[in-house]
1. Is there any pair with a first residue in region 57-82 that is free of Cβ contacts under 8 Å to residues at least 40 places away in the same chain and a second that is among the hydroxyl-bearing types (Ser, Thr, Tyr) and in a loop (DSSP other than H, G, I, E, B) whose Cβ atoms are under 6 Å apart and which are 6 or more apart or on different chains, and what are they?
2. With the condition kept exactly as written, say whether any residue in region 241-256 is buried (at least 20 other Cβ atoms within 10 Å of the Cβ), hydroxyl-bearing (Ser, Thr, Tyr) and more than 21 Å from LEU130 (Cβ to Cβ).
3. Scan region 53-94 residue by residue and report those that are touching a helix residue (DSSP H, G or I) at 6+ places or on another chain (Cβ under 7 Å) and at pLDDT below 95.
4. Can you spot a residue in region 115-133 that is free of Cβ contacts under 8 Å to residues at least 12 places away in the same chain, farther than 15 Å from ASP174 by Cα and either outside any helix (DSSP H, G or I) or under 18 Å from the mean Cα position of the chain (by Cα) (or both)?
5. Can you tell me which of (1) surrounded by fewer than 18 Cβ atoms within 10 Å (Cβ to Cβ); (2) in contact with a strand residue (DSSP E or B) (Cβ under 9 Å, 6 or more places away or on another chain); (3) farther than 22 Å from GLY115 by Cβ is the one PRO311 doesn't meet?
6. Could you please let me know if GLY108 is more than 22 Å from GLN201 (Cα to Cα) and modelled with pLDDT of 95 or more?
7. If you check PRO265 against the conditions, is it outside any helix (DSSP H, G or I), under 26 Å from ALA109 (Cβ atoms) and within 19 Å of the chain's Cα centre (by Cα)?
8. Show the residue pairs that are 6+ apart or on different chains and have beta-carbon atoms under 6 Å apart, the first residue being within region 279-290 and farther than 9 Å from PRO221 by Cα, the second being basic (Lys, Arg) and assigned to a helix (DSSP H, G or I).
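The values are calculated or read from the model by the stated rules, or taken from the named source; none is laboratory data. If you're wondering where the values come from, they're calculated on a predicted model, not measured in any experiment. Here the Cβ positions follow ideal geometry from the backbone for every residue, glycine too, while neighbour counts run over all protein chains shown.
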Amino acid sequence: MQPVPSPDDYQPRPRSGRRWFHHALRPLLALALTGVGVAAAPALRADAVDFMAAANPYQRGPAPSVASIEATRGPFAIAQTTVSASSVQGFRGGTIYYPTSTAEGTFGAVAISPGFTARQSSVAWLGPRLASQGFVVITIDTLSVWDQPASRGTQLLAALDYVRNTSAVRARVDGNRLAVMGHSMGGGGSLSAAATRPQLQAAIPLTGWHSTKNWSSVRVPTLVIGAENDTVAPVSSHSEPFYTSMPATLDKAYLELNAASHSAPTSSNVTVAKYSISWLKRFVDDDTRYEQFLCPAPRGTTIQEYRDTCPHS
């Protein structure tokens, strides 16, 4: 029988090391469940249980289900606070949504940008939806409604830096677990932010628009969401080339909404929410309990197409 690894052998690592972590964890769990060696089995199971309990310090909330990720609210009670434009630099203020309890620890943070000519109200529905699943979320207004994607990417990063460093809720935020999202040019901005800051844990462009089509430099796990009937950012010239240009070795996925328009992500959308939650949980919280919703590739009447580089673990 192989020796049981010590928790000291599995120190938190950068994202590239997390995948190794879970591969290493599986043999330990298998040993614990099979109880190889009669005399050693009880001690092994006890050690394994203790180890598993502490294995993922980022896991938040109860075990998920289809119902829980489709619900309009998750298990965490939330509050919100307004960020005035005059109190920040680098973006035009916004709204922060956050879990009221820190009993389970700090949370990853997500910044979300609206699209061209739009304000934060167009993505506001995502704030409480994601926060109630265990994230600190800031929906932002951009410096100008005319700002291009690259500028929106810079503003998303400024918003994340504000949330983790100086905001009223900074004590609730794990500054090493950050993600970006955005609609239309805000989605293009999330790609720009991911290319600029590879330390991010996740990016989700929602019917994204960007004049740059090649994102081979992106190293951030990215879920690209497009819409079949999008005439503003047609998937053939935006979401699809965004996805295909990213490295094949990257944790990435492409979800095309069936019979949906460019504006689909700007109002409550179960498909957008459930897979965004699953992606953020998997890569910001490193919570493999959510991998079941991403791999194997999901299917359904609301999904026109889904591609990915599954498996993720």
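1. Short answer, once both residue conditions are applied: ALA79/THR100.
2. There is at least one residue in region 241-256 that is buried (at least 20 other Cβ atoms within 10 Å of the Cβ), hydroxyl-bearing (Ser, Thr, Tyr) and more than 21 Å from LEU130 (Cβ to Cβ).
3. ALA54, ALA55
4. No, region 115-133 has no match at all.
5. Every condition holds for PRO311 apart from (2).
6. No.
7. Details: outside any helix (DSSP H, G or I): no; under 26 Å from ALA109 (Cβ atoms): yes; within 19 Å of the chain's Cα centre (by Cα): yes.
No, not satisfied.
8. Between residues of region 279-290 that are farther than 9 Å from PRO221 by Cα and residues that are basic (Lys, Arg) and assigned to a helix (DSSP H, G or I), the close pairs are ASP286/ARG18; ASP287/LYS281; TYR290/LYS281; TYR290/ARG282.
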